[in-house]
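Before any comments, here is the structure.
Rule-based calculations on the coordinates, nothing more; no lab input. Because the structure is a prediction, the values reported are computed rather than measured. Quick reminder, even Gly has a Cβ in these numbers, built from the backbone with ideal geometry, and neighbours come from all protein chains shown.
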Amino acid sequence: MFNFKKSKLEKLIKFIKKSDNKLSEDDKEKIIKLIKPAIGILTKKMESDNLKIGGSKIGGKPDLPKDISWPRLNDSDLVFCAQYNISELKKFDVENLLPEKGMFYIFIGINGEHNEFSVEQKDYKIFFIENLEELERKEYPTTLKTEGKVEPAEIQYFESLTIPDDENYKLIYFDEKYEDIYFYFYQDTEEYIAEKLNENADNMHQILGEDKSIQSSVVYEFSREELDVSYDEYTEKWGEILKNSKTFSNLIQLDCMDSNTNLDKFGGSSVFYIGLKTKELEKKNFNDLKISFQTT
């Protein structure tokens, strides 16, 4: 198993082993092997965007290299949602999946008719920049509408643990064997992680780890998007979607319902999921990121 601080891991293993459910001892051991480290995120509301340049944050004004302008698509300014400084979270990257330094940026477009995020039209820019030596805080474009400004929140990272979503392919065997793995295992275990191990976090923000999906595991959506399968074809091509979903990893989760930001004015109760091919993550190549969102 991965090299991780044992306090949280030992507590989770002990909880699973002692759980009063129908799972056999052998199956509990199999599930324990599916525990995956992640990087949790706490946010703190800021009165103004006075965070040091290059710091991790949600909203406010982006800190971009001097030669990169505020991203636009379809003649419209995208909304700056978040930036994540790798050097600030690297100590929690126990699987060494991320570079030593760099920044992830998330910009998303707005559907003017409905005044909400419009990822269905691929109106977004999600990118990684490794060289952060000449960052500058960009001013809001004069063409950016006032409602496109997201209130700033500082980000703090912490060690976290995850288990596969109850509908993830990794738990299909257990779901078939026990008929409903959600009630027999997933619900109680996920609540234990959230309430006991991550007691200070009340959001779905996350880096790496297994996806915490609102609906079905988001790797199926990454797969469907890559295969260009319409929702009408979903059932017919489920086998192909399932097989391809096993090649994806979760990278970033951005929770619009965070009370320390006002992302909910565009995203409601949705969570944005950014993922990529596992082989590309292993190579630390972030040139082909996928985005999906789920809502309650």
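Sites listed here are GluC sites (Glu not before Pro) in region 135-197 whose DSSP assignment is loop and whose Cβ has at most 14 other Cβ atoms within 10 Å: GLU139, GLU179. Rounded to the nearest 0.05, what FRET efficiency do GLU282 and THR142 have when you use their Cβ-Cβ distance and R0 = 45 Å? With R0 = 45 Å, the Cβ-Cβ based efficiency is 0.60. The alpha-carbon of LYS61 sits under 19 angstrom from the alpha-carbons of these lysines, leaving out residues fewer than 8 places away in its chain: LYS44, LYS45, LYS52, LYS125, LYS138, LYS145, LYS149, LYS265. Taking a straight Cα-Cα cut-off under 13 Å and skipping sequence neighbours fewer than 8 places away in the same chain, the aspartates and glutamates within cross-link reach of LYS279 are ASP288.
Near SER270, once Lys and Arg are set to +1 and Asp and Glu to -1 for all other residues with Cβ below 11 Å from its Cβ, the sum equals -3. For the pair region 188-212 / region 1-69, the C-alpha centres are spaced 7 Å from each other.
Applying the criteria of a DSSP loop state and at most 16 other Cβ atoms within 10 Å to the chymotrypsin sites (Phe, Trp or Tyr not before Pro) of region 218-291 yields TYR234. List the pairs from LYS66/LYS101; LYS30/LYS277; LYS28/LYS243 whose alpha-carbon separation is above 21 Å, in the order I gave them. Flagged as over cut-off: LYS30/LYS277; LYS28/LYS243. Once the mean of 1/r is taken over each pair of separate Cα atoms and inverted, the chain shows a Kirkwood hydrodynamic radius of 20.1 Å.
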